[in-house]
Amino acid sequence: MTIKNTEAGRIVQDLIRTIHENAAYLSEIDGKIGDGDHGINMNKGFTICEQRLADQEFSLSDGFAVLSRTLMEDIGGSMGPLYGVFFDEMSIACADLQEIGAKDFLVMLQNALAGTQEIGSAKLGDKTLLDTLIPGLEAYSAALDAGKSFQDALKDLQAAAKAGWQSTEGMIAKIGRASRLGERSRGVLDAGATSCYLILNAMADSILRMLAASK
Amino acid sequence: MNRIMNDPNYVVEDMLKGFVKANADIVSATGNARVLKYKNAPIANKVGIVTGGGSGHKPAFIGYIGKNMCDAVAVGEIFSSPAAAAFLDAMQAANAGRGVACLYGNYAGDNMNVKMAMRKAKAMGIEVKTVVANDDCASAPKDELEKRRGVAGEVLMWKVGGAKASMGADLDTVIAAAQKAIDNTRSVGIGTAPCTIPAVGHPNFTIADGTMELGIGHHGEPGVSVEPLATANEIAEKMLKLILPDLPFAAGDEVVVLLSGLGATPVMEQYIVYNRVEEILSEQGIRVHRAYVGNYFTSLEMMGVTLTVMKVDDELKQCIDYPADSVGLKQL
């Protein structure tokens, strides 16, 4: 089973909608141990991207490229470069593909992770978006190794990403602004891990819908 | 919150427009709405000086654009790093072919965006070197200098780097001078009331009435202790108690002192604190070569002050005493 790159631009639209819907929630979480502007800045970036993509037909790789450029050029902060690189790598990894299958999506996620790790310096357990991304990616990869279908692997990704995201509540921040709080950062979800879960979950949902429709 | 603005989501954009209009004798806009430059930049045969950071710290960062100061500045959202593209465009705006010194503060977002901008600048043939300010000695222990944040000491770093570049030094010499400046600088902040990001609408940290937070960061990062509000003299003593042993400063040293309000503390109170700061320093045999007191590096309407002390030698004194003409610092 595969999805068509040219038809998968809607994944980016779904992502934009997801961030719109959760902007206030993201800022609220960020406000507990950060500036409280994560939702505002993410929403500002995704809104600019939405305007750039308005009334256009675009593929998944093109949509990711516009999203990446917007985050890197217009948003800044920590999330601008991190998600900018994330979507840039996703875009590059599928730019030459017409059909995107389970293995292709794995490579996209692996490259996105590698790019984010190169630009940031966080490790697993530092209370960052990596605590969502790495378990999600590992579960997805393990599911494919076990011979599971694209759909089932995506569901494993969603479950593991969610568990990883929720595990940040018990962590002490080791990097970024919240790390100055030490023990006081425990007991609160990480804002970046939250937005990363929302993004991975929405992406998986979109692909699942497309796969179901193409049956 | 009784703040004066139009749309809270566009306070940075609106502020920049007013800033450029009011200071057209010094700054000019560029092709990137998030980059301002010295009107004469790039200056032939001079190393370019670039900085950048989140908004809300007026007069930092754009207020330090000017003659013998910064050539171009990248502007971020409130308390949020400028985008990589803004840093890159600032590097281009400052580049006269002798390289660019990017002098900024140690924050995760700024580090990432500068790193990405430098990759692109290199591909464009622009040589960029950095100094990352880490003068806040309350932000991490002494054996973890790389974790310390940059605060008001950045003003002295720009002053030294900017002067050195105008004296005709090459990139490595400018970088060495700016690094020497920040390596000899220690700062501590004290907060007495929090601040509110306009688009958020409420403070995201609290300082209870009648208390103060010693060692607080420029964005409300927690300090070393929360204590009952002390007198100005006691505050001066507590801050110097953290600063002096950290470098350490010793009898016979000459220093430059910068005491900055955090936004809402009256300048009058800053002078009251400075009076005791100077007294303690002279009691300890430390001579103040030059002092700056006022709102040099603020955090919206936070109340409190930061105290910055830089140990100077002949080279640093020469750079500090060099003339400067910027919105935030004018010196004949």
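Every number in this text was worked out from the coordinates using simple rules, so none of it is lab data. Worth saying up front: this structure is predicted, and the values here are computed from it rather than measured. Every residue, glycine among them, receives a Cβ derived from its backbone with ideal geometry; neighbour counts consider all protein chains shown.
Rank B:Thr30, B:Ser187, A:Gln110 by how far each Cα sits towards the positive end of the charge dipole of the protein assembly as shown (+1 on Lys, Arg Cβ; -1 on Asp, Glu Cβ) and give me just the farthest. The residue sitting farthest along the positive end of the dipole is B:Thr30. Distance between the C-alpha centres of the range B:250-274 and the range B:156-235: 12 Å, rounded to the whole angstrom. Multiplying each eigenvalue of the alpha-carbon gyration tensor of chain B by 5 and taking the square root yields semi-axes of 29, 24, 17 Å, largest first, rounded to whole angstroms.
The modelled label-to-label distance between A:Ser121 and A:Gln151, using points 7 Å beyond Cα along the C-beta direction, is 4.6 nm.
Would you please classify the overall shape of the range B:84-187 from the alpha carbon gyration tensor, given that a ≥ b ≥ c denote the square roots of the eigenvalues, rounded means a/c under 1.5, and beyond that prolate means a/b larger than b/c while oblate covers the rest? Intermediate results must be reported in sequence, preceding the final value.
On the way: a/c = 2.42, a/b = 1.36, b/c = 1.78.
Here the range B:84-187 falls in the oblate category.
Return the percentage of antiparallel bridges among DSSP beta bridges fully within the protein assembly as shown, rounded to the nearest 5 %.
Values: 34 of 58 bridges.
Antiparallel: roughly 60 percent of the beta bridges in the protein assembly as shown.
Using +1 on the beta carbon of Lys and Arg, -1 on that of Asp and Glu, and nothing else charged, what's the dipole of the range B:16-90 about the Cα centre, debye to 20? Can you show the working numbers first?
Working: 8 positive and 4 negative charges, 37 e Å.
Roughly 180 debye for the range B:16-90.
Only helices enter the 222 nm calculation for the protein assembly as shown: every DSSP H run of n ≥ 4 contributes -39,500 (n - 2.57), and dividing by all residues gives -14500 deg cm²/dmol, rounded to 500.
If you take the alpha carbon radius of gyration of the range A:47-106 and divide it by 2.2 N^0.38 Å, what ratio comes out, to two decimals?
Values: Rg = 12.0 Å, N = 60, 2.2 N^0.38 = 10.4 Å.
In units of the globular-protein estimate, the range A:47-106 measures up at 1.15.
Translational D (Stokes-Einstein, µm²/s) of chain A at 20 °C and 1.002 mPa s when Rh comes from the Kirkwood sum over C-alpha pairs? Write out the running numbers ahead of the final one.
On the way: Rh = 17.1 Å.
Estimated via Stokes-Einstein, D reaches 125 µm²/s.
Computed from point charges on the beta carbon alone (+1 for Lys and Arg, -1 for Asp and Glu), the dipole magnitude for the range A:100-215 about its Cα centre is near 240 Debye. Taking label positions 7 Å along the Cα-Cβ direction at both A:Val107 and B:Asp183, the computed distance is 4.7 nm, reported to one decimal. Working from Cα pairs under 8 Å separated by at least six residues, relative contact order for chain B is 18 percent. Among A:Ser185, A:Ser59, A:Ser121, the largest mean-square fluctuation in a Gaussian network model of chain A, built with springs joining Cα atoms closer than 10 Å, belongs to A:Ser121. Here B:Lys142 is the anchor, and the lysines within straight C-alpha reach of less than 21 Å, apart from those fewer than 8 places off in the same chain, are A:Lys174, B:Lys180, B:Lys238, B:Lys241, B:Lys311.
Seen against the Cα atoms of chain A and their longest principal axis, helix A:79-94 is set at about 20 degrees. Taking the centroid of alpha carbons for each part, the range A:200-215 and the range A:130-148 are 17 Å apart.
Go through A:132-142, A:61-71, A:77-87 and give me the packing order, highest mean Cβ count within 10 Å leading.
With the highest mean Cβ count within 10 Å placed first, the list reads A:77-87, A:61-71, A:132-142.
What FRET efficiency comes out for B:Lys39 versus B:Thr173 if R0 is 25 angstrom and r is the Cβ-Cβ distance? Round to the nearest 0.05. So the FRET efficiency works out to roughly 0.45. Here B:Val267 and A:Ala114 are evaluated by their C-beta separation; at R0 = 60 Å the FRET efficiency comes out at 0.75. Over all pairs of different C-alpha atoms in the range B:8-184, the reciprocal of the mean inverse distance, the Kirkwood hydrodynamic radius, equals 15.7 Å.
Nothing charged except the Cβ atoms of Lys and Arg (+1) and of Asp and Glu (-1): what's the magnitude of the dipole of the range A:2-213 about its Cα centre? Round to the nearest 20 debye.
Values: 19 positive and 29 negative charges, 114 e Å.
Here the range A:2-213 has a charge dipole of around 540 debye.
The mean sequence distance of close C-alpha pairs (under 8 Å, at least 6 residues apart), as a share of the length of chain A, puts its relative contact order at 23 percent. Within the range B:14-47, which trypsin sites (Lys or Arg not before Pro) sit in a loop by DSSP and count at most 16 neighbouring Cβ atoms inside 10 Å? Within the range B:14-47, the qualifying trypsin sites (Lys or Arg not before Pro) (loop, at most 16 other Cβ atoms within 10 Å) are B:Lys39. The distance between label points at B:Val20 and A:Arg184 comes to 3.9 nm (points 7 Å beyond Cα on the Cα→Cβ vector).
Farthest toward the positive end of the dipole of the protein assembly as shown, out of B:Gly97, B:Val224, B:Ala324, is the Cα of B:Gly97, where the dipole comes from beta carbon charges about the Cα centre. Centre-to-centre, using Cα atoms only, the range B:280-332 and the range A:30-55 are separated by 37 Å. One quarter of the surface of the convex hull around the alpha-carbon atoms of the protein assembly as shown equals 24.7 nm², the direction-averaged projected area. Using a 7 Å offset from Cα along Cα-Cβ at A:Glu57, what residues in the range A:1-33 end up with backbone N under 11 Å from the label point? Residues A:6-7 fall inside that zone. Rounded, prolate or oblate: pick one for the range B:131-251, where a ≥ b ≥ c are the square roots of the eigenvalues of its C-alpha gyration tensor, a/c under 1.5 means rounded, and failing that, prolate if a/b is larger than b/c, else oblate. Note, shape of the range B:131-251 comes out prolate.
Ranked by the mean number of other Cβ atoms within 10 Å of their residues, highest first, the peptides B:130-139, A:5-14 come out as B:130-139, A:5-14. The GluC sites (Glu not before Pro) of the range B:96-158 include none that DSSP puts in a loop with a beta carbon having at most 11 other beta carbons within 10 Å.
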